[in-house]
1. Pairs under 7 Å by beta carbon, first residue without any contact (Cβ under 8 Å) to a residue 40 or more places away in the chain in segment 177-192, partner crowded, with 21+ Cβ neighbours inside 10 Å and part of a loop (DSSP other than H, G, I, E, B), six or more apart or different chains?
2. Restricting to segment 250-280, count the residues that are within 15 Å of residue 225 (Cβ to Cβ) and away from the ligand (no atom under 12 Å from the Cβ).
3. Tell me, yes or no, whether segment 25-42 has at least one residue that is of a type in the set (Val, Ile, Thr), part of a helix (DSSP H, G or I) and either more than 16 Å from the ligand (Cβ to nearest atom) or open to solvent by 10 Å² or more (accessible area, probe 1.4 Å) (or both).
4. Quick check on my filter: what residues within segment 168-181 are open to solvent by 10 Å² or more (accessible area, probe 1.4 Å) and either among the hydrophobic types (A, V, I, L, M, F, W, C) or within 24 Å of residue 209 (Cα to Cα) (or both)?
5. Looking only at segment 47-84, count every residue that is away from the ligand (no atom under 16 Å from the Cβ), in contact with a helix residue (DSSP H, G or I) (Cβ under 7 Å, 6 or more places away or on another chain) and aliphatic (A, V, I, L, M) and tell me the total.
6. Which condition from (1) out of contact with any strand residue (DSSP E or B) (no Cβ under 6 Å at 6 or more places or on another chain); (2) in contact (Cβ under 8 Å) with a residue 24 or more places away in the chain is the one that residue 20 breaks?
7. Filter segment 65-112 down to the residues that are assigned to a loop (DSSP other than H, G, I, E, B) and among the hydroxyl-bearing types (Ser, Thr, Tyr) and list them by number.
8. Which count do you get for residues in segment 150-175 that are within 16 Å of the ligand (Cβ to nearest atom) and closer than 20 Å to residue 122 by Cα?
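The values are calculated or read from the model by the stated rules, or taken from the named source; none is laboratory data. This one's a predicted model, so the numbers in the text were calculated from it and none came from an experiment. Cβ atoms come from the backbone with ideal geometry, glycine included; neighbour counts cover every protein chain shown. Heads up: the accessible areas ignore ligands, DNA and RNA and are worked out on the full protein's heavy atoms, side chains in. Shrake-Rupley method; radii C 1.70, N 1.55, O 1.52, S 1.80 Å.
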Amino acid sequence: MTRLLCIGECMLELAPAEAPETFRAGFAGDTFNTAWYARRLAPAGLEVAYMTAVGQDTVSERLEVFTRAAGIVPDFIRRPDRTLGLYMIELTEGERSFAYWRGQSAARTLADDLDDLPGIGPGDMVYLSGITLAILPEAGRARLLAALDRARAEGVRVAFDPNLRPRLWPSADVMRAVVMEGARRADIALPSFDDEATWFGDSDIAATADRYATAGARMIAVKDGPRPVLLRTPDGAAWVAPRPVDQIVDSTAAGDAFNAGFLIGLEAGLPPTEAVQQGCDIAAKVVARRGALADI
Ligand SMILES: O=C(O)C(=O)C[C@H](O)[C@H](O)COP(=O)(O)O
């Protein structure tokens with residue numbers, strides 16, 4: 001692959017600082033976080049690009065500068081008269097939850113007039129998540145799914161993290177239906193068991209892997225927090241246990257960082273179980289720091 005194209009929303013992030021009731025501003029968003037860690041891990045010859053829509057205001061310009069400085073190519077394909085979404089991380093003993101202000105964000109328009117995905121060809125990879133699909137209006141979603149179909153027909157592979165966020169969807173039924181529409185375009189699926197069990201009722205981690213395999217994914221890594229990852233490939237299933245982590249400061253972006261480590265590991269030709277281990281190792285570094293983007 002020569003290009004990894006990540007698609008979604010990058011927001012302004014407020015992450016808890018050391019002093020109580022103080023927050024540090026940054027930029028983050030699940031697919032952007034994956035692009036960030038992928039850039040750090042990928043060989044120089046692999047271009048990591050981020051496709052989204054931003055506004056025309058100063059904070060949107062700052063995101064573009066930040067993206068370039070991180071070595072990520074900004075495919076900011078629309079610049080409507082809107083601004084970035086905002087989210088705040090709330091921590092309870094290291095476990096994160098989020099408050100969002102993103103209902104009118106520029107990123108929601110990213111597929112409004114989308115035709116083909118920018119700059120990708122046979123052998124390249126597109127990465128998106130359930131959040132990417134959740135923020136789009138129905139017409140935008142249909143355009144993005146159609147663009148994925150065309151790209152796949154030309155030999156582009158799709159990696160997909162369902163990243164279930166029920167608050168971003170009109171109902172749990174719509175979330176389940178659209179997420180599985182996304183999953184049907186995925187060559188690689190990267191679900192998290194706790195969310196999948198809650199929202200799809202999977203009885204165990206193998207049931208999650210089965211559901212994404214039935215949808216069509218050939219390679220599936222089911223994350224389960226600090227517990228072993230279930231890897232399923234056409235050759236069979238394997239468990240990979242993450243190395244123990246001393247202290248979890250902030251679990252934000254653990255899954256996103258895992259995805260970057262895994263995908264870049266596969267690309268580098270690691271055996272899939274070692275790619276999983278690389279994903280776990282990066283996630284372990286990320287949870288030891290506050291905020292989504294850690295300078296690993
Ligand atoms: O919720 C969203 O829309 C965001 O993009 C904010 C966060 O940066 C990611 O959600 C973190 O993702 P996890 O790896 O699941 O912790």
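1. These pairs meet every condition: 183/162; 183/217; 186/217; 187/217; 189/217; 191/162.
2. Here the count works out to 2.
3. First, pick out the residues of segment 25-42 that are of a type in the set (Val, Ile, Thr): 31, 34.
From what's left, part of a helix (DSSP H, G or I): 31, 34.
Adding the requirement that they be either more than 16 Å from the ligand (Cβ to nearest atom) or open to solvent by 10 Å² or more (accessible area, probe 1.4 Å) (or both) leaves none.
Within segment 25-42, not a single residue is of a type in the set (Val, Ile, Thr), part of a helix (DSSP H, G or I) and either more than 16 Å from the ligand (Cβ to nearest atom) or open to solvent by 10 Å² or more (accessible area, probe 1.4 Å) (or both).
4. Narrowing segment 168-181 to residues open to solvent by 10 Å² or more (accessible area, probe 1.4 Å): 168-174, 176-178, 180-181.
Scanning segment 168-181 gives 168, 169, 171, 172, 173, 174, 176, 177, 178, 180, 181.
5. 1
6. (2)
7. To start, the set of residues in segment 65-112 that are assigned to a loop (DSSP other than H, G, I, E, B) comprises 70-72, 79-85, 93-94, 102-105, 110-112.
Answer for segment 65-112, where residues must be assigned to a loop (DSSP other than H, G, I, E, B) and among the hydroxyl-bearing types (Ser, Thr, Tyr): 83, 105.
8. 2
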